[in-house]
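The block underneath contains the structure these notes are about, expressed in structure tokens.
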Amino acid sequence: MKVAISLAMMRPSMWADAAILADHVGFESAWIPEHLVFPVASKGSPHDGAEHPPVPASIPTFDVFSYISYLAAKTEHLHFGTQVYNIGLRHPFITARAAMTTDVLSNGRLELGIGASWLREEWEANGLDFDTRGKRVDEAIAICQKLWTEDTIEFHGEHFDFDPVMFEPKPMQIGGPPLHIGGDGKAALRRAATAGKGWIPMNHAPAQLWDPICDIAERRAAIGRDEVCEITLAWGDGALESLVELAEAGVHRAIVKPFASGKEAMEKIEAYAPILAEAASIPTREP
């Protein structure tokens, strides 16, 4: 079981100190949220049952790749993930270049969580059609993966169209930063099976995970992908019992919050070391 920590649960002014301590204590990775812009008049939520956005439009938000590069320079082993990057809002040239640079500067420690997005108003503010975002996301993923692996590429799609280009250097991680597909719908499961290293469920309790995990495994087997899909879930306070429950449900990485407030975060992160040592030996159920 890999154990990660969410930096979203504390003030950005604490991120550097928290990352340094998490690296020292032995957390596998740290994850930060991502949005390009928050329109003032927004509605909806990525969480089932919520009727309003989970954060106010005025919340401080940073460019994830710049911030991860900064944090990576202060740490040695800690990986950094995006939870999740709205890949469809940018031209894939921008995403591929920024992610490659971050991957190189971090010495291959970028975990690229991506999603199709839930905030319609954010797409509209960027002049993009929210209702066709799925196809745009699929094309962006395909282009990024080609840029990261092929010498010369061209692409002629519905949303992106260009003649042959070259893209150097390639990322530190062979094949490019691993993609962790966020979302709960059929399209997210398909992308996790065909293009992703992993899947990040957004509205699944542990007991609800097994059927989609098996679905992803079957889709992978059908196209000759024999590697296991890595499941990442944000869940609970990080108690050892919770980690065991998650592993039995098929989760490989738990993003935990072992503190109730930012004020006690540093103390709780340091005190978490014994649980990290035990978590390393917890086996994950595989389909």
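Annotations for the structure displayed:
- Candidate set from the range 239-251 (those that are within 17 Å of Asp184 (Cα to Cα) and part of a loop (DSSP other than H, G, I, E, B)); member that is farthest from the chain's Cα centre (by Cα): Gly250
- Strands (runs of 3 or more DSSP E) enclosed by the range 159-238 - at least 2 residues per element that are touching a residue at least 40 places away in the same chain (Cβ under 8 Å): 179-182, 198-200, 230-234
- Considering the range 176-215, the residues that are under 17 Å from Ala142 (Cα atoms), aliphatic (A, V, I, L, M) and under 15 Å from the mean Cα position of the chain (by Cα) include one that is surrounded by the most Cβ atoms within 10 Å (Cβ to Cβ), namely Ile181.
- Test for Ala22: is it crowded, with 22+ Cβ neighbours inside 10 Å and within 23 Å of Gly183 (Cα to Cα): no
- Test for Thr75: is it within 26 Å of Val137 (Cβ to Cβ) and surrounded by 16 or more Cβ atoms within 10 Å (Cβ to Cβ): no
To keep it simple, each residue is scored yes or no on (1) of a type in the set (A, V, I, L, M); (2) under 24 Å from Asn86 (Cβ atoms); (3) touching a residue at least 12 places away in the same chain (Cβ under 8 Å).
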{"site": "Met10", "(1), (2), (3)": "yes, yes, yes"}
{"site": "Ala19", "(1), (2), (3)": "yes, yes, yes"}
{"site": "Phe27", "(1), (2), (3)": "no, no, yes"}
{"site": "Pro46", "(1), (2), (3)": "no, yes, yes"}
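- Count of the range 11-24 residues which are farther than 21 Å from Ala279 by Cβ and either out of contact with any Leu (no Cβ under 7 Å at 6 or more places or on another chain) or modelled with pLDDT under 95 (or both): 5
- When Ile255, Ile275, Ile282 are screened for being in a loop (DSSP other than H, G, I, E, B) and hydrophobic (A, V, I, L, M, F, W, C), only Ile282 passes.
- Scanning the range 25-61 for residues that are modelled with pLDDT of 95 or more and small (Gly, Ala, Ser) gives Gly26, Ser29, Ala30.
- Restricting attention to the range 42-80, the residues being of a type in the set (A, V, I, L, M) and either in a loop (DSSP other than H, G, I, E, B) or farther than 30 Å from Met172 by Cα (or both) number 5.
- Selection from the range 114-125 of residues that are surrounded by 15 or more Cβ atoms within 10 Å (Cβ to Cβ) and farther than 16 Å from Met202 by Cβ: Arg120, Glu121, Glu122, Trp123, Ala125
- Looking across the range 25-63 at every residue that is acidic (Asp, Glu) and in contact with a Gly (Cβ under 9 Å, 6 or more places away or on another chain), the one that is surrounded by the fewest Cβ atoms within 10 Å (Cβ to Cβ) is identified as Glu51.
- Scanning the range 249-284 for residues that are surrounded by fewer than 20 Cβ atoms within 10 Å (Cβ to Cβ), in contact (Cβ under 8 Å) with a residue 40 or more places away in the chain, of a type in the set (D, E, K, R) and under 15 Å from Lys2 (Cα atoms) yields one hit, Lys257.
The values are calculated or read from the model by the stated rules, or taken from the named source; none is laboratory data. These numbers come from a predicted model, not from an experiment. Don't worry about glycine lacking a Cβ; one is built from the backbone with ideal geometry, like all the others, and counts go over all protein chains shown.
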